[in-house]
Amino acid sequence: MVSHIPILLDGKALANKVNLALKQKIRLVLEKQSRPPGLATILIGNDEASQVYVSMKRKTCENIGIKSIHHQLDENTNIDDLRDLIKLLNDDPSVDGILVQMPFPADLRKYEPEIMRLVHPTKDVDGFHPNSIGENTVGNETFGSCTPKGMIRLLEEYDIPIDGQEVVIVNRTNVIGKPLTMMFMNRSATVTVCHSHTRDLDFHLNRADIIAVGVGRQNFITPERVKEGVVILDAGINRTAEGKLVGDVDFDAVKDKSKAITPVPGGLGPMTIAMLMENTYLSYCGHLNLTNN
Ligand code: GUN
């Protein structure tokens, strides 16, 4: 057990701070500009979790002065209709960001990569377009993927060192693992990316200074798997049998061994939304040729 109290990386508090700062900036900019930032959201089908996420994103938009434009599409939407809608939004000057909520319904899932490429790179506030991923790789994180960006922002807010640290990421997706790897490399960490084919996950977990995990399995990270003083970033979202929201980390047991840890809920969820708001504001500034402060 560590001798100090672990730092709770309070994503909810930091997200509120980021959102409030954006709200103030938007209010000031609107003294001179005729239109607010605009974020278009597209949700295909009726996935319950996705509905909740999109409604939280829209609510945050409205709270801080971003215009939210929502398009709800039927589960059996024709892919051509989705393509046409995105092209329309790409050409709409009142839209700064386009968010197509993932995952798509099963029958349309094969189109996800194509649709990510169809969103215009200057409106790619999710950071999913290969352009944004490439920019992130060469150190321009303007349209960095929102959850990884939220992780880095939390570490920086709490002055947790990154330079030279051994970082182990358990996730290799285009949305979390890959962009997060680049963000840590951009800050001179030593990064190991683990996944379901990793031969000896415990070897890596046990030597990590920072663990970022998102695998969708409750209690995946237990105290025996981590070293004393580790920093934990938990991007997992799971429901217990009782319906409680939990991450991938056995929070109560692991927190006593950690230097710092994100809770679920109240960690990376709110940070992901705050980074989406920030990306939308950056996009707006880019579209209107404004400096961002
Ligand atoms: N599904 C889960 N998280 C996200 C996200 O950040 N963006 C989009 N578009 N879909 C998601």
Inset, instruction - Would you be able to say whether some residue in region 261-275 is farther than 18 Å from P121 by Cα, part of a strand (DSSP E or B), of a type in the set (S, T, Y) and away from the ligand (no atom under 15 Å from the Cβ)? - result: no
Legend entry - Complete set of residues in region 117-148 that are within 12 Å of the ligand (Cβ to nearest atom), under 20 Å from T41 (Cα atoms) and in contact (Cβ under 8 Å) with a residue 24 or more places away in the chain: V119, D124, V125, D126, G127, F128, G144, S145, C146, T147
Legend entry - Selected residue (only one of K57, K17, K32, K110 is charged (D, E, K, R) and touching a residue at least 12 places away in the same chain (Cβ under 8 Å)): K57
Legend entry - Residue check for I160: in contact (Cβ under 8 Å) with a residue 12 or more places away in the chain, in contact with a Leu (Cβ under 9 Å, 6 or more places away or on another chain) and within 23 Å of G229 (Cα to Cα): yes
Inset, instruction - For region 209-220, state whether one or more residues are closer than 30 Å to G38 by Cβ, under 23 Å from the mean Cα position of the chain (by Cα) and within 16 Å of the ligand (Cβ to nearest atom). - result: yes
Inset, instruction - Output the number of residues of region 214-253 satisfying the condition of being crowded, with 23+ Cβ neighbours inside 10 Å and outside any loop (DSSP other than H, G, I, E, B). - result: 7
Inset, instruction - Could you please find all residues in region 177-201 being without any contact (Cβ under 8 Å) to a residue 24 or more places away in the chain and outside any loop (DSSP other than H, G, I, E, B)? - result: T181, M185
Legend entry - Those residues of region 168-181 which are surrounded by fewer than 24 Cβ atoms within 10 Å (Cβ to Cβ) and away from the ligand (no atom under 12 Å from the Cβ), in sequence order: N171, R172, G177, K178, T181
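For every residue, the table says whether it meets (1) surrounded by 20 or more Cβ atoms within 10 Å (Cβ to Cβ); (2) of a type outside the set (V, I, T); (3) within 28 Å of Q72 (Cα to Cα).
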{"position": "A15", "(1), (2), (3)": "yes, yes, yes"}
{"position": "V29", "(1), (2), (3)": "no, no, no"}
{"position": "K32", "(1), (2), (3)": "no, yes, no"}
{"position": "P37", "(1), (2), (3)": "yes, yes, yes"}
{"position": "G45", "(1), (2), (3)": "no, yes, yes"}
{"position": "A49", "(1), (2), (3)": "no, yes, yes"}
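Every read-out reported here was derived from the displayed coordinates using simple, explicitly stated rules and does not represent laboratory data. Please read all numbers here as calculations on a predicted model, not as lab measurements. No Cβ is skipped: glycine too gets one built from the backbone with ideal geometry, and neighbour counts run over all protein chains shown.
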